[in-house]
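The values are calculated or read from the model by the stated rules, or taken from the named source; none is laboratory data. All figures in this text were calculated on a predicted structure; none of them were measured in a lab. Counting neighbours? That spans all protein chains shown, and the Cβs are built from the backbone with ideal geometry, glycine included. Each accessible area value is taken on the protein alone, full model and side chains, heavy atoms only, with ligands, DNA and RNA left out. Shrake-Rupley method; radii C 1.70, N 1.55, O 1.52, S 1.80 Å.
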Amino acid sequence: MWVEPHQRGMQAVHLVGNGPAEEVLEVREIPRPDPGSEEVVLDVRACALQHADVFARVGHPEIKDSFPKRPGTEIAGVVDEVGDGVDRWSPGDRVNVYHHVSCGDCEFCERGEQTMCPHDRKFGSDFPGGLAEYVAVPAANLEPVPSHIDMTTAAAWPSSFTTAWRMLVTGGELRPSETALILGASGGVGHAALQLADRIGAETYATTSADWKAERAATWAEAVIDYSEAPFDERVTELTDGRGVDLVADHVGEETWQQSINSLATGGRMVICGATSGPDPDIDIRSVYQRHRQILGTPMGNRQDFRAVGRMIGRGEVSPVVDRVLPLKNVANGHRAIENREVFGKVVVKPIS
Ligand SMILES: NC(=O)c1ccc[n+]([C@@H]2O[C@H](COP(=O)([O-])OP(=O)(O)OC[C@H]3O[C@@H](n4cnc5c(N)ncnc54)[C@H](OP(=O)(O)O)[C@@H]3O)[C@@H](O)[C@H]2O)c1
Ligand SMILES: [Zn+2]
């Protein structure tokens with residue numbers, strides 16, 4: 001029997017409060033969305049997790065607490081239905097989603113800096129996300145997925161690689177003649193930054209916290225430093241004959257800031273996008289200004305950054321590492337793995353529809 005699309009149900013992950021993953025992540029049956037004007041409904045094929053999903057679950061000062069939330073930010077899917085006014089996309093098109101929605105009207109949007117927009121919002125926190133069988137998104141946020149890129153890969157890069165691109169390329173302006181240090185090189189952003197720095201041609205060092213991660217990171221690094229064993233700034237000083245590196249990419253925060261600054265050459269720049277270990281570093285500001293060092297906030301890339309790094313992935317020049325693929329019902333296991341630092345690269349969730 002034919003059933004109107006809006007009467008069909010779907011499975012969707014709901015975050016129902018702050019707490020342990022198994023207790024507050026629920027898969028619920030809810031109605032499928034209909035496409036609004038200028039929107040499409042995607043049949044979600046894959047959706048990646050990121051650390052922000054863990055922050056939203058455990059509670060974070062920068063994330064508004066209103067429950068239930070419908071998480072899922074990094075989305076790849078197939079166009080299922082198109083709303084009024086959509087002529088660029090048709091059912092069957094394979095796409096991924098630039099996950100920020102901005103006002104389009106302010107001085108930042110006019111400059112193409114969507115994530116600087118004071119009205120910036122995103123899927124998975126401000127709008128229902130992709131940890132569901134279907135999701136409605138504005139047609140303007142879609143990009144095509146090349147036929148040779150599988151949907152798991154397509155979901156594994158949008159936020160992490162775009163952020164890493166912003167850190168290293170548009171923000172940090174890393175050049176092939178330079179040296180770079182990438183912290184937390186096993187993480188979503190970290191492993192993306194590591195691959196990009198290597199691809200740019202910079203002499204690249206990495207830090208990570210376990211032997212098995214160091215082995216994997218070594219593919220793209222001159223040397224990998226286990227920072228659980230010794231202060232990494234001392235090791236960077238040794239490796240660079242006392243000079244330090246031109247660029248440090250730090251998303252770890254409180255625990256690493258002073259060592260990251262100490263690792264910089266005179267005139268070097270530290271690019272930052274996160275504070276996973278905490279936001280209040282105890283630093284000596286003289287170590288910044290007396291050595292002409294710069295600290296640049298590069299929290300996320302704009303649409304052009306998204307397209308640029310997407311083209312590199314399409315050409316196979318860099319590629320997200322998928323640590324594991326989980327069904328929707330096991331999303332809590334993915335949270336646990338990220339929380340316990342058991343992941344190299346990305347955790348991808350695949351709804352079966
Ligand atoms: N994912 C994104 O798209 C995105 C975008 C903008 C900003 N950010 C921010 O960037 C940070 C990293 O995000 P992510 O999604 O890449 O996270 P992730 O995949 O969980 O990676 C974080 C990595 O940081 C390292 N780490 C060092 N100290 C840590 C600590 N105390 N707790 C947990 N991990 C620690 C770990 O790597 P080692 O074991 O190798 O040290 C871990 O793999 C977060 O603060 C996030 O808010 C992320
Ligand atoms: Zn705006």
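Summary of computed values
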quantity: Every residue from the range 200-217 that is open to solvent by less than 50 Å² (accessible area, probe 1.4 Å) and either within 16 Å of ligand 1 (Cβ to nearest atom) or not small (Gly, Ala, Ser) (or both); calculated: ILE200, THR204, TYR205, ALA206, THR207, THR208, SER209, ALA210, LYS213, ALA214, ALA217
quantity: Failed criterion for GLY267 (all others in (1) more than 15 Å from the chain's Cα centre (by Cα); (2) surrounded by 14 or more Cβ atoms within 10 Å (Cβ to Cβ); (3) not in a loop (DSSP other than H, G, I, E, B) hold); calculated: (2)
quantity: When residues of the range 68-82 are limited to those that are open to solvent by less than 10 Å² (accessible area, probe 1.4 Å) and more than 16 Å from ligand 1 (Cβ to nearest atom), the one farthest from the chain's Cα centre (by Cα); calculated: VAL79
quantity: Single match in GLY172, GLY201, GLY187 (criterion: of a type in the set (Gly, Ala, Ser) and touching a strand residue (DSSP E or B) at 6+ places or on another chain (Cβ under 7 Å)); calculated: GLY172
quantity: Those residues of the range 116-129 which are buried (at least 19 other Cβ atoms within 10 Å of the Cβ) and away from ligand 1 (no atom under 14 Å from the Cβ), in sequence order; calculated: CYS117, PRO128
quantity: Elements of type strands (runs of 3 or more DSSP E) contained in the range 1-114, each with 3 or more residues being within 30 Å of THR276 (Cβ to Cβ) and either in contact with a Cys (Cβ under 6 Å, 6 or more places away or on another chain) or within 16 Å of ligand 2 (Cβ to nearest atom) (or both); calculated: none
quantity: Residue within the range 126-149 that is hydrophobic (A, V, I, L, M, F, W, C) and over 30 Å from GLU62 (Cα atoms) present; calculated: yes
quantity: Elements of type strands (runs of 3 or more DSSP E) in the range 131-207, at least 1 residues being closer than 30 Å to GLU26 by Cβ and at pLDDT 95 or above; calculated: 134-138, 142-144
quantity: Top-ranked residue in the range 311-343 [being within 26 Å of LEU196 (Cα to Cα) and either among the basic types (Lys, Arg) or touching a Pro at 6+ places or on another chain (Cβ under 6 Å) (or both); ranked as surrounded by the fewest Cβ atoms within 10 Å (Cβ to Cβ)]; calculated: ARG315
quantity: Matching residues in the range 93-115 - criterion: being without any contact (Cβ under 8 Å) to a residue 24 or more places away in the chain and either open to solvent by 50 Å² or more (accessible area, probe 1.4 Å) or of a type in the set (Ser, Thr, Tyr) (or both); calculated: SER102, CYS103, GLY104, ASP105, GLU107, PHE108, GLU110, ARG111
quantity: Enumeration of residues in the range 176-194 that are more than 14 Å from ligand 1 (Cβ to nearest atom), touching a residue at least 60 places away in the same chain (Cβ under 8 Å) and open to solvent by 10 Å² or more (accessible area, probe 1.4 Å); calculated: GLU178, THR179
quantity: Helices (runs of 4 or more DSSP H) contained in the range 275-353 and holding at least 2 residues among the charged types (D, E, K, R) and more than 30 Å from VAL79 (Cα to Cα); calculated: 331-339
quantity: Residue check for ALA275: out of contact with any helix residue (DSSP H, G or I) (no Cβ under 7 Å at 6 or more places or on another chain), more than 18 Å from MET167 (Cβ to Cβ) and open to solvent by 20 Å² or more (accessible area, probe 1.4 Å); calculated: no
quantity: Residue that is farthest from ligand 1 (Cβ to nearest atom), among those in the range 239-275 that are of a type in the set (Val, Ile, Thr) and within 19 Å of VAL224 (Cβ to Cβ); calculated: THR240
quantity: Yes/no for ALA132 being touching a residue at least 24 places away in the same chain (Cβ under 8 Å), away from ligand 2 (no atom under 16 Å from the Cβ), crowded, with 24+ Cβ neighbours inside 10 Å and under 30 Å from LYS329 (Cα atoms); calculated: yes
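For every residue, the table says whether it meets (1) in contact with a Leu (Cβ under 6 Å, 6 or more places away or on another chain); (2) within 23 Å of PHE306 (Cβ to Cβ); (3) of a type in the set (Val, Ile, Thr).
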site: VAL16; (1), (2), (3): no, no, yes
site: GLU22; (1), (2), (3): no, no, no
site: GLU29; (1), (2), (3): no, no, no
site: PRO33; (1), (2), (3): no, no, no
site: ASP43; (1), (2), (3): no, yes, no
site: ALA46; (1), (2), (3): no, yes, no
site: ASP53; (1), (2), (3): no, yes, no
site: ASP65; (1), (2), (3): no, no, no
site: TYR98; (1), (2), (3): no, yes, no
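Residues are listed down the side, and each one gets a yes or a no for (1) aliphatic (A, V, I, L, M); (2) within 16 Å of ligand 2 (Cβ to nearest atom); (3) closer than 22 Å to ALA275 by Cα:
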| site | (1), (2), (3) |
| --- | --- |
| LEU183 | yes, no, yes |
| THR207 | no, no, yes |
| ARG216 | no, no, no |
| ILE225 | yes, no, yes |
| ARG243 | no, no, no |
